[in-house]
Amino acid sequence: MLTLDAKLPTGPINEAWTNHKDQLRLVGPKNRPKYKVLVIGSGLSGASAAASIGAMGYQVDCFCFQDSPRRAHSIAAQGGINASKNYRNDGDSTWRLFVDTQKGGDFRAREQNVYRLAELSTAIIDQAVSQGVPFAREYGGKLANRSFGGVLVERTFYCRGETGQQLLLGAYSALEEQIAAKSVTMHTRTEVMDYVIIDGKVRGVISRNLVTGELTRHVADAVILATGGYGNVFYLSTNAKNCNVTALMRAYRRGAGFANPCYTQIHPTSIPASGDYQSKLTLMSESLRNDGRIWVPRKEDESRKPADIPEEDRYYYLEERYPRYGNLVPRDVAARNAKDVCDKGMGVGPTGYGVYLDFGAAIESKGADAVKSKYANLFEMYHRITDDDPTQTPMRIFPAVHYTMGGLWVDYNLMTTVPGMFAVGEANFADHGANRLGASSLMQCLADGYFIIPVTVGDYLSRMDKDTITTDHPEFAKIETEVQDGIKKLLSIKGKRSTNSIHRELGKIMWEHCGISRSEKSLKGGLEKIPALREEFFNDVRVLGEDESMNQSLEHAGRVQDFLDFGELMCRDGLLRDESCGCHFREEHVTPEGEAKRNDDDFAFTSVFEYAGPGKDAVLNKEPLNFEALPLMTRNYKS
Amino acid sequence: MKIKLHVWRQENEKAKGKMESYDLDGVTPDMSFLEMMDLLNEKLIGESIEPVAFDHDCREGVCGACSMVVNGEAHGPQRETTTCQLYMRHFNDGAEIYVEPWRSAAFPVVRDLTVDRSAFDRIIQAGGFISNHSGPKPEPNSIPIEPGVAETALDAASCIGCGACVAACPNGSAMLFTAAKVSHLGMLPQGQTERYDRVKNMTTQMEEEGFGSCRNYAECEAQCPKGISIAFIGRMNSDYLKASLAEPVDRRGKMHAQ
Amino acid sequence: MKRLKLLFASSIGKKFVAAVTGLIMFGFLLGHAAGHMKIFTGAGADGVPHIDHYGQFLKDFGAPALPPMIALWGARLMLLGSVILHVVAVLMLSDQNKKARPVDYVKKKRAAASPAALYMMVTGTLILAFIVLHILHFTTGNLPMLGKHVHGEVYNNMARSFSQWWVAIPYLIMMVIIGFHLYHGVWSLFQTLGLDNPDRNALLRGFAIVFAIGVTATFCLIPLSFMFGGEPAVDNEGMNRIYEYTHDKLSSH
């Protein structure tokens, strides 16, 4: 069993982080260069962590598989970042942001973590502005805000639709500053393949140069995983193509507990896949639902053009099923209903998995120009991708996998169950519970990277006895051989199927069995299909080329291999969590209104999975959740 | 749709590359250009030919990874569009398409269509930042920024660092990239302290990387997927000239009056 | 000076030099064109064409403070310096540009660059050659085969040359080439000096177009007017000399 000591601070929640921070041990400026810290990943959390720790004087090595740290997928976040600055004087406060985040997460997160996140939110804005992030300004030159994600205050800061890009470029420039100062060494086009654990602590990694295939050993005193989410287990998601679970799965196999793997956020309004070749999904802002009416044809296999379908043959299913909220029901409700009508054969578009989002009524009442100007960039993006003009013909939308709340289990110091191994950003499980509030992912990444990890990693290092372990330690050789063997194995299968075709098939299984809504039956079905697919992978995958050069199929094969294992873990978690909460919707647990029905008596805990060895079922550990500051309550979108 | 592709194949940086031709069937108009390349790779794997290596990641036009010169134009014929957002409906059935990597001495080919763009990172390292530590900062509203200035800075900051400007420029110049970063930081009050050192250091690094010079063709602006204006190049020129001829002058020391 | 040297070491600095020298030469062209308009104003009371007076005026410029010819030579040296710096800077940049793309595209396509911009090196080289020939032709008079040259007889020298179509037409072509060079060069120098921005771009772009066309058209008027004999001969003796000269040439061949 894992020891799940969350090291939670005691005392009043609003002083918890300050008190905790004051208790942490420090490393003196002269000693910091003696410690080596590895940061895996260079997105918002990785770049901000590496830059902050590097600036303190530690020796940092940062790794990313892209050709530049600026490409990480944090760049794609559009909407904004929350901070309880209360610039609008609309009653916002740290407490309110905490409550919104905790309620959004459906009470499946630790309240101390969530409160800390809310508390740090304002400092993130200060930090980003000082780096030159050009947030939107009002006419007087003060920072502008907008409302986001159905909360009652305006607290979201933004840079047009490219907030993630600008925040990432801020963190990236801070990272490049440290690279220039030689406090950070950057390894681009480098993938971390495995971790070296010595005396129970992580003491290094084996990395692979993706251009030459060369394996390199790195000794470290601490390793920080900032490797993002794993939405690509569904093959189609809004994640970047190369996002993967490999770093997390390999940490898991070396002893790190994996928490809540089944919590997956599904966004209701993405552009649907247009065919089997589809490689990824593109998000359309949810704000479209303010003016669009969602419908499908009542008749199955409808062949008429949408404009030719008369009103009586249109099924405005959200308006009919949820008369009070209509098209503005919460994300998960909208997503589930879209899937439901498509499963019943009423879906539209070439794949039958799409519903209409119709602006006809809005255009009639407000005029085409007014609607167009409100959604100009979204309409343009939609037109670019689909070649349809939403003012002429209804948009087609469908839910898409967007964000994963689960990740490596970490304590309050963001350390995993492996001493010395930390996880930040989307890679950890800590702050979003079972669902993430809009505009809070950027906030979490930067809180972790700029403000939390720089102090907690020092506390760990200060307690470490400095030793003389080098890459000559036999454990390094052992792990390197294992990595080498793994690569050779993939190249030696020489089967018939491409890695992509297997990944796509896995994605379909996951979507069908562990997607928008899950049931005991579907999850068990998934648990049967995935091992069969894994067997096929190891018998029939075709990875061409060699190890000693750039080989993108080989990289992909390694990642698909981990996705296969991970998909199983995800289904297992979904099966064990026999309740509905947040984004985890079990068909067996529904309120009469069709809402997710939580079971706080039996499931107010974090599921933490422990690797039990190849071919064995993961062991479930439970970290109980206590709700003292904010007592449990049920979310209610009906009134 | 049927497509005839001519793709640059090159094993590694040192190998000699050449154009290879492939016939591809089953392309549909709703495929993105990269999905068409995926289809080509699936076909090649089926024929036991190593797939074409190309950089790609977000596939929604913001990460700047994709980098293909399609029929002689960086990111292809659609304006303000990255390769990943270019759709096959813009090509005719039976079209011949030439796909080449970015060509620049500063961007050596890594394999096939992937190039090494670390030169851009080094330009940023030379000064593309506001020196900073993580920690308490002044209240951001204490330094108001005129919204027009913030928006123009954001126009410049929208650069995704893909390198299309270099690929498009007949001289292989990186002026648009460098100018965008110099302007973004140089326009904001936070970036003033380092403004003139920054422009000198970044342009010096740009030259050392082996990029060509600007001849005001405006090809970069036309082929930039974010439509970044060459106005920023003019702005950088102005800052550079000030930095070289006027601004950071040592005015300390004693003086003679008689 | 150290600053200038450092400036010249960079490509933006070289561009700066090319822009400033270009501006000087552009200024010269404007003056040159304006001065030559005197061709169309006829002759003074003494029967000497205005343009000849203008030539003398340039030689005497600055007198009596300066001895004759000094100001003219000063200007000439400045122009010569500009030409040399312009050419050296551009050649160095061109070398850098060639090295910047060792392997070119198989398929090439331009999305924005105008032919004027793309062929600046070609037009520039032609212009350089033209400048040399033009000076030998009309300033030093070393090319009598193009028309007999008599120092000081500006009008007649031109009349004798341009009334021959095979001299006039290459000049006309050259003027168009200069126009192309100016079309891109004049706007480009504002951009290089950092003076252009979207606010005044249309104005500066228009300025470049108007002056490229204006300068070209003005200079073209000269050979055209002589070719088609639109200008009355003001000096019969001079005209006779033309006939004598061509007769001599024809008979000697």
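Please go through the range C:98-116 and give me each residue that is more than 7 Å from chain B (Cβ to nearest Cβ) and open to solvent by less than 40 Å² (accessible area, probe 1.4 Å), ordered by number. Reasoning before the result, please.
Initially, the range C:98-116 is screened for residues more than 7 Å from chain B (Cβ to nearest Cβ), giving C:98, C:114-116.
Within the range C:98-116, C:SER114, C:ALA116 qualify.
In the range B:102-127, what residues are open to solvent by 20 Å² or more (accessible area, probe 1.4 Å), within 30 Å of A:TYR58 (Cβ to Cβ) and either in contact with a Lys or Arg (Cβ under 6 Å, 6 or more places away or on another chain) or assigned to a loop (DSSP other than H, G, I, E, B) (or both)?
Kept after step one, since they are open to solvent by 20 Å² or more (accessible area, probe 1.4 Å), are these residues of the range B:102-127: B:105, B:108, B:116, B:118, B:122, B:125-126.
If we keep only those that are within 30 Å of A:TYR58 (Cβ to Cβ) as well, we get B:116, B:118, B:122, B:125-126.
Selection gives B:ASP116, B:ALA126.
For the range A:367-382, give me each residue that is assigned to a helix (DSSP H, G or I) and surrounded by 15 or more Cβ atoms within 10 Å (Cβ to Cβ). Walk me through how you get there before you give the answer.
Residues of the range A:367-382 that are assigned to a helix (DSSP H, G or I), as a first pass: A:368-374, A:376-382.
Result: A:VAL371, A:LYS372, A:LYS374, A:LEU378, A:PHE379, A:MET381, A:TYR382.
Taking C:ALA113, is it in a helix (DSSP H, G or I) and under 26 Å from C:PHE180 (Cα atoms)? Outline the logic, then answer.
On the way: in a helix (DSSP H, G or I): no; under 26 Å from C:PHE180 (Cα atoms): yes.
So C:ALA113 does not fit the description; no.
Tell me which helices (runs of 4 or more DSSP H) are completely within the range C:1-106 and hold 2 or more residues being over 22 Å from B:SER213 (Cα atoms), or say none if there are none.
Numbers: elements: C:2-9, C:11-36, C:50-60, C:70-100.
So the answer is C:11-36, C:50-60, C:70-100.
Just for the range C:1-58: of the residues that are over 30 Å from C:TYR155 (Cβ atoms) and among the β-branched types (Val, Ile, Thr), which one is farthest from the other protein chains (Cβ to nearest Cβ)?
C:THR21
For the range C:13-59, which positions are without any contact (Cβ under 8 Å) to a residue 60 or more places away in the chain and open to solvent by less than 20 Å² (accessible area, probe 1.4 Å)?
C:GLY13, C:GLY35
Given the conditions (1) over 30 Å from B:VAL70 (Cβ atoms); (2) part of a helix (DSSP H, G or I), report the number of the one that C:TRP187 does not fulfil.
Here C:TRP187 meets the rest and fails (1).
Taking the range A:103-131 on its own, how many of its residues are in a helix (DSSP H, G or I) and at pLDDT 95 or above?
At the first step, the residues of the range A:103-131 found to be in a helix (DSSP H, G or I) are A:103-104, A:111-130.
With at pLDDT 95 or above added as a condition, the list becomes A:111-130.
Adding up the residues that qualify gives 20.
Within the range A:58-78, track down each residue that is more than 13 Å from A:GLY41 (Cα to Cα), away from chain B (no Cβ under 12 Å) and open to solvent by less than 20 Å² (accessible area, probe 1.4 Å).
A:TYR58
Residues are listed down the side, and each one gets a yes or a no for (1) open to solvent by 10 Å² or more (accessible area, probe 1.4 Å); (2) closer than 23 Å to A:ALA447 by Cα; (3) at pLDDT below 95:
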| position | (1), (2), (3) |
| --- | --- |
| A:HIS187 | yes, no, no |
| A:THR216 | yes, no, no |
| A:VAL233 | no, no, no |
| A:LYS241 | yes, no, no |
| A:THR269 | no, no, yes |
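Filter the range A:468-502 for residues that are small (Gly, Ala, Ser) and assigned to a helix (DSSP H, G or I); which is most open to solvent (accessible area, probe 1.4 Å)?
Step one: of the range A:468-502, the residues small (Gly, Ala, Ser) are A:477, A:486, A:492, A:495, A:498, A:501.
With assigned to a helix (DSSP H, G or I) added as a condition, the list becomes A:477, A:486, A:492, A:501.
Working: A:ALA477: 39, A:GLY486: 31, A:SER492: 76, A:SER501: 28 Å².
Result: A:SER492.
With B:SER238, B:SER244 as the choices, which residue is of a type in the set (Ser, Thr, Tyr) and either in a loop (DSSP other than H, G, I, E, B) or in contact with a Gly (Cβ under 6 Å, 6 or more places away or on another chain) (or both)?
Details: B:SER244 fails: either in a loop (DSSP other than H, G, I, E, B) or in contact with a Gly (Cβ under 6 Å, 6 or more places away or on another chain) (or both).
Just a single option satisfies the conditions, and that option is B:SER238.
Do the conditions hold for A:ALA400, that is, is it within 14 Å of another protein chain (Cβ to nearest Cβ) and touching a strand residue (DSSP E or B) at 6+ places or on another chain (Cβ under 7 Å)? Write out each step before concluding.
Working: within 14 Å of another protein chain (Cβ to nearest Cβ): yes; touching a strand residue (DSSP E or B) at 6+ places or on another chain (Cβ under 7 Å): yes.
The answer is yes for A:ALA400.
Looking only at the range A:587-600, decide whether some residue is of a type in the set (Lys, Arg) and surrounded by 16 or more Cβ atoms within 10 Å (Cβ to Cβ).
Restricting attention to the range A:587-600, the residues satisfying the condition of being of a type in the set (Lys, Arg) are A:597-598.
Checking the rest, the ones that are also surrounded by 16 or more Cβ atoms within 10 Å (Cβ to Cβ) come to A:597-598.
Looking for residues that are of a type in the set (Lys, Arg) and surrounded by 16 or more Cβ atoms within 10 Å (Cβ to Cβ), one finds at least one in the range A:587-600, hence yes.
So which residues in the range A:294-324 are over 18 Å from A:PRO350 (Cα atoms) and assigned to a loop (DSSP other than H, G, I, E, B)?
A:PRO310, A:TYR316, A:TYR322, A:PRO323, A:ARG324
Name the residues in the range A:509-536 that are surrounded by fewer than 17 Cβ atoms within 10 Å (Cβ to Cβ) and either among the polar types (S, T, N, Q) or touching a Phe, Trp or Tyr at 6+ places or on another chain (Cβ under 7 Å) (or both), would you?
A:SER519
Of the residues that sit in the range B:8-29 and are under 13 Å from A:SER549 (Cβ atoms) and open to solvent by 60 Å² or more (accessible area, probe 1.4 Å), which one is farthest from the other protein chains (Cβ to nearest Cβ)?
Looking at the filtered set, the residue picked out is B:LYS14.
Residues that are of a type in the set (Ser, Thr, Tyr) and over 24 Å from the mean Cα position of the chain (by Cα), at least 1 per element: which strands (runs of 3 or more DSSP E) completely within the range A:132-242 meet that? First the steps, then the outcome.
Numbers: elements: A:184-187, A:190-198, A:201-209, A:215-219, A:222-225.
The qualifying strands (runs of 3 or more DSSP E) are A:184-187, A:215-219.
Quick check on this structure: which one of C:GLY152, C:GLY194, C:GLY179 is assigned to a loop (DSSP other than H, G, I, E, B) and away from chain B (no Cβ under 14 Å)?
Numbers: C:GLY194 fails: away from chain B (no Cβ under 14 Å); C:GLY179 fails: assigned to a loop (DSSP other than H, G, I, E, B).
After applying the criteria, what remains is C:GLY152.
In the range A:129-143, is there at least one residue being in contact (Cβ under 8 Å) with a residue 40 or more places away in the chain, touching a Gly at 6+ places or on another chain (Cβ under 8 Å) and crowded, with 22+ Cβ neighbours inside 10 Å?
Looking only at the range A:129-143, we keep the residues that are in contact (Cβ under 8 Å) with a residue 40 or more places away in the chain, and these are A:131-132, A:142-143.
Pick out the ones that are also touching a Gly at 6+ places or on another chain (Cβ under 8 Å) and you get A:131-132.
The next check asks that each one be crowded, with 22+ Cβ neighbours inside 10 Å; those that pass are A:131-132.
Yes, there is a match, as at least one residue in the range A:129-143 is in contact (Cβ under 8 Å) with a residue 40 or more places away in the chain, touching a Gly at 6+ places or on another chain (Cβ under 8 Å) and crowded, with 22+ Cβ neighbours inside 10 Å.
Conditions tested, residue by residue: (1) touching a residue at least 40 places away in the same chain (Cβ under 8 Å); (2) among the acidic types (Asp, Glu); (3) in contact with a strand residue (DSSP E or B) (Cβ under 7 Å, 6 or more places away or on another chain).
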| position | (1), (2), (3) |
| --- | --- |
| B:THR204 | yes, no, no |
| B:GLY212 | yes, no, yes |
| B:ARG215 | yes, no, no |
| B:SER229 | yes, no, no |
| B:MET255 | no, no, no |
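Quick check, is A:VAL37 under 30 Å from A:VAL608 (Cα atoms) and either open to solvent by 10 Å² or more (accessible area, probe 1.4 Å) or in contact (Cβ under 8 Å) with a residue 40 or more places away in the chain (or both)?
Working: under 30 Å from A:VAL608 (Cα atoms): yes; either open to solvent by 10 Å² or more (accessible area, probe 1.4 Å) or in contact (Cβ under 8 Å) with a residue 40 or more places away in the chain (or both): yes.
Judged against the criteria, A:VAL37 is a match.
Go through the range B:35-58 and give me each residue that's more than 7 Å from chain A (Cβ to nearest Cβ), within 27 Å of A:ILE271 (Cα to Cα) and in a helix (DSSP H, G or I). Give the steps one after another, and end with the answer.
As a first pass, look at the range B:35-58 and keep what is more than 7 Å from chain A (Cβ to nearest Cβ): B:36-37, B:40-41, B:43-44, B:46-47, B:49, B:52, B:54.
Of the ones still in play, those that are also within 27 Å of A:ILE271 (Cα to Cα) are B:36-37, B:40-41, B:43, B:54.
Within the range B:35-58, B:MET36, B:MET37, B:LEU40, B:ASN41, B:LYS43 qualify.
Output the residue which, of all residues in the range B:76-101 that are crowded, with 24+ Cβ neighbours inside 10 Å, under 15 Å from C:LYS108 (Cβ atoms) and in contact (Cβ under 8 Å) with a residue 60 or more places away in the chain, is nearest to the chain's Cα centre (by Cα).
In this case the residue turns out to be B:PRO101.
Condition check: outside the structural domain of B:GLU13 (by TED's automatic domain parsing) and surrounded by 24 or more Cβ atoms within 10 Å (Cβ to Cβ). Does B:GLY135 satisfy that?
So B:GLY135 does not fit the description; no.
Quick check on my filter: what residues within the range A:184-226 are within 14 Å of another protein chain (Cβ to nearest Cβ) and either touching a strand residue (DSSP E or B) at 6+ places or on another chain (Cβ under 9 Å) or without any contact (Cβ under 8 Å) to a residue 12 or more places away in the chain (or both)?
Result: A:VAL184, A:THR185, A:MET186, A:HIS187, A:THR188, A:ARG189, A:THR190, A:GLU191, A:ASN209, A:LEU210, A:VAL211, A:GLU214.
The values are calculated or read from the model by the stated rules, or taken from the named source; none is laboratory data. All figures in this text were calculated on a predicted structure; none of them were measured in a lab. Note that we place each Cβ from the backbone using ideal geometry, even for glycine, and neighbour counts take in every protein chain shown. SASA here: full protein model, heavy atoms, side chains in, ligands and nucleic acids out. Shrake-Rupley method; radii C 1.70, N 1.55, O 1.52, S 1.80 Å.
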